[in-house]
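Undergrad: Once you've had a glance at the structure underneath, I'll fire off some questions.
The values are calculated or read from the model by the stated rules, or taken from the named source; none is laboratory data. This is a predicted model, so every value here is computed, not measured. Cβ atoms come from the backbone with ideal geometry, glycine included; neighbour counts cover every protein chain shown.
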Amino acid sequence: MGEWRDVVVVGAGPGGSAAAHYLARRGVDVLLVDKAEFPREKTCGDGLTPRAAAVLHDMGVLDALLRVGRPISGAEIVSPDGYSTGAPVPSQRGVPASMLVVPRITLDNVLRKRAIQSGAQFEGGVLVSGVEAAAGGVVIKAEQAGRPLVIKARLAMLATGASIGLLKRLGLLAKAPAVMLAARAYFDGIRGLTDRIQIRFDGVPLPGYGWIFPVSPSSANVGAGFFPPRWSRRAPASPRAVLDMFLRGRFVSAALDGAHQAGPAKSYPLRVDFPDAPTFGGGMLLVGEAAGLVNPLTGEGIDYALESAQIAAEHAARGLAEGTLSLKRCEEYDRHLRARFGRLFTFCRRVRDASLNATLLNRLARIASGRDDLKMLLINVALGNREVSETLSVATALKKAFALAR
């Protein structure tokens, strides 16, 4: 790999593969690398929001994913005292599905193959250890099959997810980022599953939530996530302990009665530090969770990974065409991300902090059960839909909720 590449994308998760696809579709010479060989499993909640579905449709893979995933028609929000309210998932014009659940071992491989079909080259088993500035671009130092590997590129994109080792070595992270901690397991033989997801606040420490996301008519991804002690007075022992607590809850244990766990439970961190996170370095753009782009309320990150990949590819392709892959171009990428997601993340942080109040959550669920407007407001907040987050402050949302109850 002694020749120069236009762009090297490090990490073939949703953000990396989407970036490689959009770059290659613009005629950019792009190499996509990952430390793993594919297909490979990735621990996640597996939910794809309407925002994610819209990008997947644009990429031309949504129909294929609908054949292997579980289409979702609605969402149930369950309060800390077990009261449930639900609503349909809002549809998007021209998109054949509002939401779906697809295990990451399937999703990531479909997206990687799409990038290759679009013209990107893929290399697996590549462990990147460093990125250094060089005349005309960057030099990426890596190892493949035990042999040192050097790749030269005009630009690097880092889509390395929650892994921060490389970012720390590059001096991009001065301290450990804020994270949400989560654990999930798959269950088979579940009776009574519908085509709705469940977002549950019962049996978990607040702020935090549990979920039941169906992956088939009788199986589901079941998990729980919480925020570490800086947001919570009582520190759970571990993500696995929180998952066990959730599974033992009265309502969840009843829902899973007769089901059996398929495979081990797995825990994982989720970076939720976008407002404070770097989004670029010398000759590098950061995509998705590598830039802290995980919703600080819900822990959802696939939609932001896909959307930031689109933005990164746009800026990179334009810079390559103009011959201006400079600090200014990277700063423009950063401003684009801040304008796109900044208000949303501020809003979701405030809602997260308000969700410490179990009494408030219980009351909202009961009010919403009789008010379609409020149901849709809660569902849009839970799914991170932009139009709600940018037009309503937390105070305004709560005032509207209680006004609707009168």
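Undergrad: If you check residue 147 against the conditions, is it surrounded by 19 or more Cβ atoms within 10 Å (Cβ to Cβ), of a type in the set (D, E, K, R) and farther than 30 Å from residue 373 by Cβ?
TA: no
Undergrad: Right, something else. From the list 73, 98, which residue is closer than 30 Å to residue 206 by Cα and touching a residue at least 60 places away in the same chain (Cβ under 8 Å)?
TA: Sole residue among the options that is closer than 30 Å to residue 206 by Cα and touching a residue at least 60 places away in the same chain (Cβ under 8 Å): 73.
Undergrad: If we keep just the residues of the range 241-273 that are basic (Lys, Arg) and out of contact with any Asp or Glu (no Cβ under 7 Å at 6 or more places or on another chain), which is modelled with the lowest pLDDT?
TA: 250
Undergrad: Would you mind telling me which numbered condition in (1) outside any loop (DSSP other than H, G, I, E, B); (2) farther than 21 Å from residue 220 by Cα residue 86 fails?
TA: (2)
Undergrad: Taking the condition of being surrounded by fewer than 20 Cβ atoms within 10 Å (Cβ to Cβ) and within 17 Å of residue 156 (Cα to Cα), how many residues in the range 7-55 meet it?
TA: Total satisfying the criteria: 4.
Undergrad: List the residue pairs whose Cβ atoms are under 7 Å apart, where the first residue sits in the range 289-316 and is on the phi > 0 side of the Ramachandran plot, the second is of a type in the set (A, V, I, L, M, F, W, C), and the two are 6 or more positions apart or on different chains.
TA: Final answer for the pair search is 292/272; 292/274; 292/277; 299/180; 299/182; 299/270.
Undergrad: Mind listing just one residue for me: the one in the range 387-406 that is touching a helix residue (DSSP H, G or I) at 6+ places or on another chain (Cβ under 6 Å) and within 29 Å of residue 101 (Cβ to Cβ) and, of those, modelled with the highest pLDDT? Quick ask: steps written out before the conclusion?
TA: Taking the range 387-406 and keeping what is touching a helix residue (DSSP H, G or I) at 6+ places or on another chain (Cβ under 6 Å), we get 388-390, 394, 401, 404-405.
Within this subset, residues satisfying the condition of being within 29 Å of residue 101 (Cβ to Cβ) are 388-390, 394, 401.
Details: 388: 57, 389: 51, 390: 50, 394: 53, 401: 53.
Of everything passing the filter in the range 387-406, 388 is modelled with the highest pLDDT.
Undergrad: Still on this structure, I have one more. Within the range 156-165, track down each residue that is surrounded by 20 or more Cβ atoms within 10 Å (Cβ to Cβ) and either closer than 21 Å to residue 41 by Cβ or within 16 Å of the chain's Cα centre (by Cα) (or both).
TA: Of everything in the range 156-165, those that are surrounded by 20 or more Cβ atoms within 10 Å (Cβ to Cβ) and either closer than 21 Å to residue 41 by Cβ or within 16 Å of the chain's Cα centre (by Cα) (or both) turn out to be 158, 159, 160, 161.
Undergrad: Conditions: (1) buried (at least 21 other Cβ atoms within 10 Å of the Cβ); (2) more than 23 Å from the chain's Cα centre (by Cα); (3) of a type in the set (A, V, I, L, M, F, W, C); (4) at pLDDT below 95. Residue 226 meets all but one. Number of the miss?
TA: (2)
Undergrad: Name the residue, out of 334, 276, that is at pLDDT 95 or above, surrounded by fewer than 20 Cβ atoms within 10 Å (Cβ to Cβ), within 27 Å of residue 165 (Cβ to Cβ) and not aromatic (Phe, Trp, Tyr).
TA: So the residue among 334, 276 that is at pLDDT 95 or above, surrounded by fewer than 20 Cβ atoms within 10 Å (Cβ to Cβ), within 27 Å of residue 165 (Cβ to Cβ) and not aromatic (Phe, Trp, Tyr) is 334.
Undergrad: Now for a separate question. For residues that are farther than 26 Å from residue 64 by Cβ and surrounded by fewer than 19 Cβ atoms within 10 Å (Cβ to Cβ), tally how many sit in the range 113-138.
TA: 8
Undergrad: If I go through the range 101-129 residue by residue, how many of them are assigned to a strand (DSSP E or B) and under 26 Å from residue 207 (Cβ atoms)?
TA: Number satisfying all stated conditions: 1.
Undergrad: Another one. Please count how many residues of the range 2-53 are aromatic (Phe, Trp, Tyr), closer than 21 Å to residue 132 by Cα and at pLDDT 95 or above.
TA: 0
Undergrad: Can you tell me which residue is surrounded by the fewest Cβ atoms within 10 Å (Cβ to Cβ) among those in the range 69-100 that are farther than 15 Å from residue 47 by Cβ and of a type in the set (Val, Ile, Thr)?
TA: It comes out as 95.
Undergrad: Condition test on residue 325, is it touching a residue at least 40 places away in the same chain (Cβ under 8 Å) and either within 26 Å of residue 45 (Cβ to Cβ) or of a type in the set (Asp, Glu) (or both)?
TA: Answer is no for this residue.
Undergrad: Out of the residues in the range 24-64 that are of a type in the set (A, V, I, L, M) and assigned to a loop (DSSP other than H, G, I, E, B), state the one that is nearest to residue 95 (Cα to Cα).
TA: Step by step, filter the range 24-64, then rank; the result is 61.
Undergrad: Give the residues of the range 162-176 that are more than 13 Å from residue 289 (Cα to Cα), assigned to a helix (DSSP H, G or I) and either in contact (Cβ under 8 Å) with a residue 60 or more places away in the chain or in contact with a helix residue (DSSP H, G or I) (Cβ under 7 Å, 6 or more places away or on another chain) (or both), sorted by residue number.
TA: 166
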